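The values are calculated or read from the model by the stated rules, or taken from the named source; none is laboratory data. Owing to the predicted nature of the structure, the values given are computational and were not obtained by experimental measurement. Note that each Cβ is placed from the backbone with ideal geometry, even for glycine, and that neighbours are counted across all protein chains shown.
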């Protein structure tokens, strides 16, 4: 997690990044080194519907994985890449631009 945060911080050095996190133990580890341009906000426990990425995954499953079987992991990866590349900007905006996320970011 530390390596990811450092890489993310370096990729966007002039921006403040607010990450929406679930309550996984590694998200709250005392050994976590959080760069100064990254902040966390935690969703309440057992509320995946409030986590925007869960809604993105739901859309991905609906578009490319419902009632499908794949022969290889490579087939899965190719399908995932095709579905992600096909997601329209408006769909992503509608998922992450929910009332609670707007309120969260406006309060920062």
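Scanning the range 71-89 for residues that are surrounded by 12 or more Cβ atoms within 10 Å (Cβ to Cβ), out of contact with any helix residue (DSSP H, G or I) (no Cβ under 6 Å at 6 or more places or on another chain), modelled with pLDDT of 95 or more and closer than 11 Å to residue 60 by Cβ gives a single hit, 80.
Condition check ((1) within 26 Å of residue 94 (Cα to Cα); (2) exposed (fewer than 13 other Cβ atoms within 10 Å of the Cβ)) across all residues:
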{"position": "10", "(1), (2)": "no, yes"}
{"position": "15", "(1), (2)": "yes, yes"}
{"position": "19", "(1), (2)": "yes, no"}
{"position": "31", "(1), (2)": "no, yes"}
{"position": "44", "(1), (2)": "yes, yes"}
{"position": "49", "(1), (2)": "yes, yes"}
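Considering only residues of the range 51-70 that are in a helix (DSSP H, G or I) and in contact with a strand residue (DSSP E or B) (Cβ under 8 Å, 6 or more places away or on another chain), which is surrounded by the most Cβ atoms within 10 Å (Cβ to Cβ)?
This residue is 52.
Just the residues that are farther than 17 Å from residue 7 by Cα, without any contact (Cβ under 8 Å) to a residue 60 or more places away in the chain and in contact with a helix residue (DSSP H, G or I) (Cβ under 8 Å, 6 or more places away or on another chain), please, taken from the range 32-47. Lay out the reasoning, then the answer.
If we filter the range 32-47 for residues that are farther than 17 Å from residue 7 by Cα, which is where we start, we get 41-47.
Now narrow it down to the ones that are without any contact (Cβ under 8 Å) to a residue 60 or more places away in the chain: 42-47.
Hits for the range 32-47 are 42, 43, 44.
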